[in-house]
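Contents: one structure, followed by commentary.
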Amino acid sequence: MAVAELAFALILALDRRIADNVISLRAGQWNKANSPKARGLYGRTLGLLGVGSIGSRMIPRAKAFGMRVVAWSAVSARTRAEAFGIERRDRPAKSPRRPIS
């Protein structure tokens with residue numbers, strides 16, 4: 001449970017650029033222009049590699065934020081994905097190889 005909550009906290013921190021804003025604040029600056037750059041999580045897609053103990057706890061949190069969940073798991077059966085109400089992939093998607101900003 002704690003790992004899933006921490007993972008979601010980090011996802012939110014990345015979206016809201018919290019680390020960058022803390023650095024600016026400690027330098028005595030308030031860059032209000034960075035605030036609107038957050039895209040938000042609603043309507044975005046969360047990709048999970050595995051729906052075991054941690055991944056299965058990420059699903060309800062993602063849904064609470066209005067996210068679409070796509071998962072791949074080596075051990076999970078299709079019926080488990082259906083039970084979670086998520087989209088299951090037979091293999092992991094290939095990365096677009098673009099930098100994260």
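See the values below:
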| read-out | value |
| --- | --- |
| Arg26-Thr45 pseudo-label distance in nm [points 7 Å out on the Cα-to-Cβ vector] | 3.6 |
| Packing-based order for 41-50, 55-64, using average beta carbon neighbours within 10 Å, highest first | 55-64, 41-50 |
| Relative counts (whole %) of C-alpha pair distances in the range 1-85, using bins that are 5 Å wide | 3, 13, 21, 19, 14, 11, 8, 5, 3, 2, 0 |
| Carbon and sulfur %, accessible surface of the range 11-65 computed with the full protein complex present, 1.4 Å | 58 |
| Förster radius 25 Å - calculated FRET efficiency between Thr79 and Ala2, Cβ distance, rounded to 0.05 | 0.35 |
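The values are calculated or read from the model by the stated rules, or taken from the named source; none is laboratory data. Remember, predicted model here, so these are calculated numbers, not experimental data. Cβ atoms come from the backbone with ideal geometry, glycine included; neighbour counts cover every protein chain shown. These area figures cover heavy atoms from the full protein model, side chains too; ligands, DNA and RNA do not enter into them. Shrake-Rupley method; radii C 1.70, N 1.55, O 1.52, S 1.80 Å.
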